[in-house]
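Read-outs throughout are calculated quantities, based only on the coordinates presented, and are distinct from any laboratory measurement. The model shown is predicted, which means the values in this text are computed figures rather than measured ones. Heads up, the Cβs are rebuilt from the backbone with ideal geometry, glycines too, and the neighbour counts pull from every protein chain shown.
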Amino acid sequence: MIKGGILFPIWYDDIFLKHFMGKDHFEAPWRLTKIIESLEENNFPFILKKVTPTTPEIIAETHSARLIEQLKHLSEKGGGNLGLDIIANQFTYDAALAASGATIQASNAAFTTGLPTAAMVRPPGHHASSDLSMGFCFFNNIAIAANELLKDDPSLKIMIVDIDNHYGNGTAEIFYDNPQVLYYSLHSSPKISYPGSGYPDEVGIGKGTGFNISIPLPAFINDQTYLEVFDKTFPLFMKQFKPDIVLVSYGVDTLSRDPYGLMDLSLEIYPLLGERILNVALEVIGKPRIAIILEGGYHPYNMGLAVTAFLSAFLPAYGLKIPAVFEKGIQEGFYGTTADEILEPVQEAHKNYWKW
């Protein structure tokens with residue numbers, strides 16, 4: 001960690017390392033230690049901010065009392081299973097409250113300062129629905145933070161950009177009827193990937209119809225095609241929606257050879273994605289109001305680098321230089337399926353809600 005001067009704020013707490021799902025599980029404490037080590041090794045100018053855990057009462061504004069009490073009781077008795085791949089220990093409840101608290105703090109700071117922030121948390125959150133913990137996720141951190149922002153200002157417009165390998169079904173469900181939150185997700189096709197939802201025709205319901213953007217991608221998509229899909233959609237939706245803040249569900253299980261991922265993205269793509277998000281936010285919002293929240297990512301060697309590479313793209317907002325190690329370039333070559341072919345069903349599903 002570099003001391004002095006302007007530093008990029010990251011909300012983090014060691015309680016996140018105490019949540020443990022078993023010795024053979026990839027959603028493990030090393031995920032965060034790899035990130036901190038990579039930031040330090042690459043001379044990333046950051047400061048770790050003190051986390052204030054949120055309260056059960058705030059969690060209850062997004063999740064059912066049953067879900068909260070279930071996890072609290074399980075942790076108090078030493079841990080156990082809530083379902084497939086939902087394993088708690090005695091620290092999980094406290095870690096989950098802290099993860100949501102860190103996400104709220106990072107989101108509030110991004111909104112009030114108009115500068116990018118990050119929360120490096122676990123357990124992750126985007127699969128947790130209003131009444132169900134699933135997919136390694138207990139509470140939906142980013143949804144809880146979004147609801148806190150909306151509580152302070154009900155007229156606020158929030159764009160959630162989910163670039164995890166997996167569809168954030170929990171986030172989608174929580175805001176499925178809410179036109180104040182535009183949920184935009186690029187993810188592996190539900191035909192081949194967890195959680196089995198996230199088809200283009202999942203567009204929202206009621207007043208929220210058209211505000212759930214689900215873009216499934218074929219297996220082992222490369223940098224070039226992924227970026228083309230992103231470039232044809234992200235600016236289009238953001239410029240028409242005109243959000244007041246962008247919350248990023250950042251999963252790096254999109255990285256090639258991630259044990260839980262089905263994409264073939266290289267490290268070089270992540271600064272480019274970050275740069276695009278930063279530039280469009282500056283254009284639409286006028287300020288880089290962006291909070292980046294960790295979701296998945298399980299590559300045992302390159303996960304930390306992928307996070308550092310992505311965060312580096314936001315350093316110019318602080319007047320800081322991007323570390324030289326993250327040179328811009330993409331893995332090129334014809335993938336086999338074009339961006340237009342991937343987007344055809346998405347465009348069809350949303351033709352009545354957005355101008356293409």
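Might you report the magnitude of the Cβ-based charge dipole of the chain about its Cα centre, with Lys and Arg at +1 and Asp and Glu at -1, to the nearest 20 debye?
740
Could you pull out every residue, at least 5 positions away or on a different chain, whose amide H is within less than 5 Å of the one on Leu217? Hs are placed 1.01 Å off N in the peptide plane, and Pro or chain starts have none.
Under 5 Å from the amide H of Leu217 lie the amide H atoms of His187, Ser188, Ser189, each far enough along the sequence or on another chain.
At a 10 Å Cβ-Cβ cut-off, how would you order Thr225, Thr103, Thr55, fewest neighbours first?
Values: Thr225 22, Thr103 30, Thr55 11.
Result, fewest neighbours first: Thr55, Thr225, Thr103.
Checking the table Lys34/Lys157; Lys49/Lys232; Lys49/Lys72; Lys191/Lys355; Lys49/Lys242 against a 32 Å threshold on Cα-Cα, which pairs fail? Intermediate values should be presented prior to the final figure.
Numbers: Lys34/Lys157 34 Å; Lys49/Lys232 36 Å; Lys49/Lys72 26 Å; Lys191/Lys355 28 Å; Lys49/Lys242 29 Å.
Violating the 32 Å Cα-Cα cut-off are Lys34/Lys157; Lys49/Lys232.
Between His73 and Asp24, what is 0.36 nm times their sequence separation minus the Cα-Cα distance? Round to one decimal in nm.
15.2 nm
Work out how far the C-alpha atoms of the chain reach from end to end along every principal axis, then list the three figures in whole Å, largest first.
Principal extents (largest minus smallest coordinate, Cα): 52, 48, 40 Å.
Under 29 Å Cα-Cα from Lys77, which lysines qualify once same-chain neighbours fewer than 8 residues away are excluded?
Result set, ordered by chain and number: Lys18, Lys23, Lys50.
Where in segment 46-137 are there GluC sites (Glu not before Pro) that are in a DSSP coil and have at most 15 other Cβ atoms within 10 angstrom of their Cβ? Don't jump to the answer; show the numbers that get you there.
On the way: sites: Glu57, Glu61, Glu69, Glu76; in loops: Glu61.
Qualifying residues, ordered by number: Glu61.
When only Cα pairs under 8 Å and 6 or more residues apart are kept, what is the percent relative contact order across segment 8-350?
19
In whole angstrom, how far apart do the alpha carbon centroids of segment 94-145 and segment 253-272 sit?
Using only Cα atoms to place each centre, the spacing works out to 22 Å.
Just to confirm a number: summing +1 for Lys and Arg and -1 for Asp and Glu over residues other than Thr113 whose beta-carbon lies under 13 angstrom from that of Thr113, what do you get?
+3
Among Lys18, Lys239, which comes first, second and so on when ranked by fewest other beta-carbon atoms within 10 Å?
On the way: Lys18 15, Lys239 12.
Listed from fewest to most nearby Cβ atoms, that is Lys239, Lys18.
How many angstrom separate the Cα center of segment 48-80 from the Cα center of segment 202-225?
When both Cα centres are located, 30 Å separates them.
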